[in-house]
Amino acid sequence: MPLGLQLDRQQPLHFIGVGGIGMSALAGILASRGFRVSGSDPRDNAVTAALGKAGVRIFHEQNAATIHAIGVGTTGGATAAAQLPLVVLSSAVPESNPEVQEALRLGFPLCHRSDVLAALIADQPSIAVAGSHGKTTTSTLVATLLEATGHDPTAVIGGIVPAFGSNGRHGDGRLLVAEADESDGSLVKFAAELGVITNLELDHTDHYPDLAALVATLQRFATGCRRLLANRDCPILRESFEADSWWSTERADGVSFAAIASEERGDGTRADFFENGELVGHFDLPLPGRHNLSNATAAMAACRLEGIPFAALKEAVARLQPPGRRFDCRGLWAGRIVVDDYAHHPSEVAATLQMARLMVESGRSPLPSQPRRLVAVFQPHRYSRTAQFLEEFADALAAADLVLVAPLYAAGEAPIEGVSSEALAAAVQARIPSSTVEASPDLTVLAQRVAACTEVGDLVLAMGAGDVNSLWDRLQSLEGSWLTAATAPLVA
């Protein structure tokens, strides 16, 4: 992998798996900046269609012929390496990929997507958001606030930003906002003007053997940033990092920025904003949950460090929306409210269920109708993560009124004996013996069990980083007797 990659508009770039959430943002931005960009992805969807309209040449087959096609125009492969297509891949692309093999055979240079992002970050003042949880939401909120206050940022985010309708955006402003993913350790390449760390907790145990290894990696990221903004409420950050600025949602003294909730509801939070212990003003956040208050506080703090007035931020905060797949309401199905969420770590599951419970119990929510009961539909993601945190997942899921466990999403990992959706369901059932807890063998059966086990007024919360987000479509495809289940309006 190149060190300090320099992007050259004379050199074409080809992204293997261009439809991926991280790859598509980079490809779209580079195409908007006048680079010659192509990409391959077997998926034919809205993302690849949008990239095609933006000028990215899309191939829907990944084979050696694609590499030959992008090489047309290079002087028989004998030009300087700087003029040969640069092939970009992510950690999800194996070396056995036929395009990778052919690119290596022809001598085309290869690099990781993080090298391209690092080059963009180095090219302009940047805010890079890292952390175990909340980095997609926080980077989305930073970019949204910058755009709403007239700063026209470039953004590379790991989720769809509602204000942009995309995960990537080319802006003409001074700043670039990037989500810095820690899953493979590649974020150590980023040298941002401002680094933001939301929190730290052991995850990605397929890459990090222990928490110390994760902390060491984030410390390298922090060292590479000119300034560091970090969450004072996270004990691991508090003990292991020296930040230039801290934020908190628990205390106003001893931190640069704080937001202390004065009212917490199912449809949002009202809070007082402090700087260096002094009350600056109040704001209303339309995103419920203490975790979202922390994310918003980090975003506001980053913008205040850029000199944006609090009054302008207060107005923009009132219109904030979360990124896609973060408590994303898909709609009403047979009187059930179906919500999709990316939560796939025990802490994320617990925070999401706590927020949903607040909606049920407070009688206030942003949902199309008032939920009465909380149904968790959870898909374990990776055998390694499930094995590491099975008991913690069970503790978190026990907060729901009914739990349906989807088939484990392996993400390419080999099975681990004794680790399964059935094992997780059994652990949850032991905690809530009087509640319904089931594991389904496939997603089709899962949709049928959701239809059979739930009631009108239930909040059906589908959580996971795999393909459980297809639940909404599968419910809609159910026919006959399933659809006779109470489509009448809710009774007060």
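Segment 367-459: which trypsin sites (Lys or Arg not before Pro) are DSSP loop and have at most 15 other beta-carbon atoms within 10 angstrom?
Values: sites: ARG372, ARG373, ARG382, ARG385, ARG431, ARG449; in loops: ARG372, ARG382.
Here the sparse-neighbourhood loop sites are ARG372.
Hey, got the dipole for segment 262-410? About the Cα centre, +1 on K and R Cβ, -1 on D and E Cβ, debye to the nearest 20?
Working: 16 positive and 18 negative charges, 105 e Å.
It comes to approximately 500 debye.
Taking θ = phi - 60°, what integer Hz values does the Karplus form 6.51 cos²θ - 1.76 cosθ + 1.60 yield along segment 163-174, in sequence order, with x for Gly and Pro?
5, 10, x, 7, 8, x, 8, 8, x, 9, x, 5
Please say if the chain is rounded, prolate or oblate, where rounded means a/c under 1.5 for a ≥ b ≥ c the square roots of the C-alpha gyration tensor eigenvalues, and otherwise the choice is prolate for a/b larger than b/c and oblate otherwise?
Details: a/c = 1.70, a/b = 1.21, b/c = 1.40.
It is oblate, given that a/c is not under 1.5 and a/b is not larger than b/c.
Quick check: at a probe of 1.4 Å, how many percent of the accessible area of the chain sits on carbon and sulfur atoms?
Details: 9630 of 19460 Å².
Carbon plus sulfur share of accessible area: 50 percent.
Counting Lys +1, Arg +1, Asp -1, Glu -1, what net charge surrounds PHE108 among other residues with beta carbon under 10 Å of its beta carbon? Don't skip to the end; give the middle numbers.
Details: positive: ARG105; negative: GLU99, GLU102.
Every neighbour counted, the sum reads -1.
Test of the criteria: in segment 315-350, which trypsin sites (Lys or Arg not before Pro) are in a DSSP loop and have at most 14 other Cβ atoms within 10 angstrom of their Cβ? List each step's numbers first, then the result.
Working: sites: ARG319, ARG325, ARG326, ARG330, ARG336; in loops: ARG319, ARG325, ARG326.
Passing both the DSSP loop test and the Cβ count: ARG319.
Please state the relative contact order of segment 377-474 as a whole percent: Cα pairs under 8 Å, 6+ residues apart?
Working: 149 pairs, mean separation 34.7, N = 98.
Answer for segment 377-474 is 35 percent.
Under 8 Å for C-alpha pairs, at least 6 residues apart: give me the relative contact order for segment 311-414, rounded to a whole percent.
Values: 121 pairs, mean separation 24.7, N = 104.
Value for segment 311-414: 24 percent.
At 0.36 nm per residue, minus the direct Cα-Cα distance, what do ARG220 and GLN124 gain on full extension? Give it in nm, one decimal, please.
Result for the pair: 32.5 nm of gain on full extension.
Would you list, by chain and number, the lysines whose Cα falls below 25 Å from the Cα of LYS135, excluding same-chain residues fewer than 8 positions away?
Answer for LYS135, where 25 Å is the Cα cut-off: LYS189, LYS314, listed by chain and number.
What does the accessible area per residue of the chain come to in Å², with a 1.4 Å probe and no ligands, DNA or RNA counted?
40
Considering only C-alpha atoms, what is the centroid distance from segment 380-432 to segment 448-476, in Å?
17
Just to check I understand the Karplus step: with θ = phi - 60° and J = 6.51 cos²θ - 1.76 cosθ + 1.60, what whole-Hz values come out for segment 402-417, glycine and proline as x?
So the Karplus estimates, Gly and Pro as x, are 8, 10, 10, 9, 7, x, 4, 8, 6, 6, x, 7, 6, x, 10, 4 Hz.
Quick check on segment 22-123: take the gyration tensor over C-alpha atoms, sort the square-rooted eigenvalues as a ≥ b ≥ c, and tell me if it's rounded (a/c under 1.5), prolate or oblate.
Values: a/c = 1.37, a/b = 1.19, b/c = 1.16.
Judged from the Cα gyration tensor, segment 22-123 comes out rounded (a/c under 1.5).
Check which residues have an amide H placed less than 5 Å from LEU175's amide H, if you skip close sequence neighbours.
THR154
If contacts are Cα pairs under 8 angstrom and at least 6 residues apart, what is the relative contact order of the chain in percent? Don't skip to the end; give the middle numbers.
On the way: 1069 pairs, mean separation 50.3, N = 492.
After rounding, I find 10 percent.
Taking the Cβ of ARG9 as the centre, find all other residues whose Cβ is under 10 Å away and add up their charges (Lys, Arg: +1; Asp, Glu: -1).
Values: positive: ARG33, ARG36; negative: ASP8.
Local net charge: +1.
Can you compute 3J(HN,Hα) from phi for each residue in segment 323-340, using the Karplus curve 6.51 cos²θ - 1.76 cosθ + 1.60 with θ = phi - 60°, rounded to whole Hz and x for Gly and Pro?
3J(HN,Hα) across segment 323-340, in whole Hz: x, x, 6, 10, 6, 8, 6, 7, x, 9, 10, 6, x, 9, 8, 9, 10, 10.
The values are calculated or read from the model by the stated rules, or taken from the named source; none is laboratory data. Since the structure is predicted, the reported quantities are computational estimates derived from the model, not experimental observations. Glycine gets a Cβ as well: all are built from the backbone with ideal geometry, and neighbour counts include every protein chain shown. Accessible surface areas use protein heavy atoms only, side chains included; no ligands, DNA or RNA. Shrake-Rupley method; radii C 1.70, N 1.55, O 1.52, S 1.80 Å.
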